[in-house]
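Presented below is the structure to which this report refers.
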Amino acid sequence: MCWCSRLDGVRKGPRLAAWREVAGGSPRSEEPLTPIKLAAQRLQRRLTGRLGEDAPLFDECTQVIINQADEIKTWSMNSPVSGSPS
């Protein structure tokens, strides 16, 4: 069983590194949705002008992800159950 847990650590390493890259290299993000939002923005930058007739749909979908991440962040900051003391 010991070798299985070591393999899990080896497999998680590249995934964690990829998320850190998406989050701008920071080892820890303040907001859990930041990597999702940054990934959508990065896709927009990389694929702009390459998708032809699918570009409007792609732009709409990635913009929905960005907007929803912002809305959830705003909601969580204004929520009475935000985890901060009252």
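If only residues of the range 61-86 that are surrounded by 15 or more Cβ atoms within 10 Å (Cβ to Cβ) and of a type outside the set (S, T, N, Q) are counted, the one that is modelled with the lowest pLDDT is K73. Criterion first (surrounded by 11 or more Cβ atoms within 10 Å (Cβ to Cβ), in a helix (DSSP H, G or I), under 17 Å from the mean Cα position of the chain (by Cα) and at pLDDT below 75) does R20 satisfy it? Yes: the conditions hold for R20.
Each row is one residue, and each column tells you yes or no for (1) modelled with pLDDT of 90 or more; (2) over 24 Å from T74 (Cα atoms); (3) more than 17 Å from the chain's Cα centre (by Cα); (4) basic (K, R).
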site	(1), (2), (3), (4)
K12	no, yes, no, yes
L16	no, yes, no, no
E31	no, no, no, no
T34	no, no, no, no
L38	yes, no, no, no
Q41	yes, no, no, no
D54	yes, yes, yes, no
D59	yes, no, no, no
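The values are calculated or read from the model by the stated rules, or taken from the named source; none is laboratory data. These numbers were taken from a predicted model, which means no experiment stands behind them. Virtual Cβ from ideal backbone geometry, glycine too; neighbours counted across all protein chains shown.
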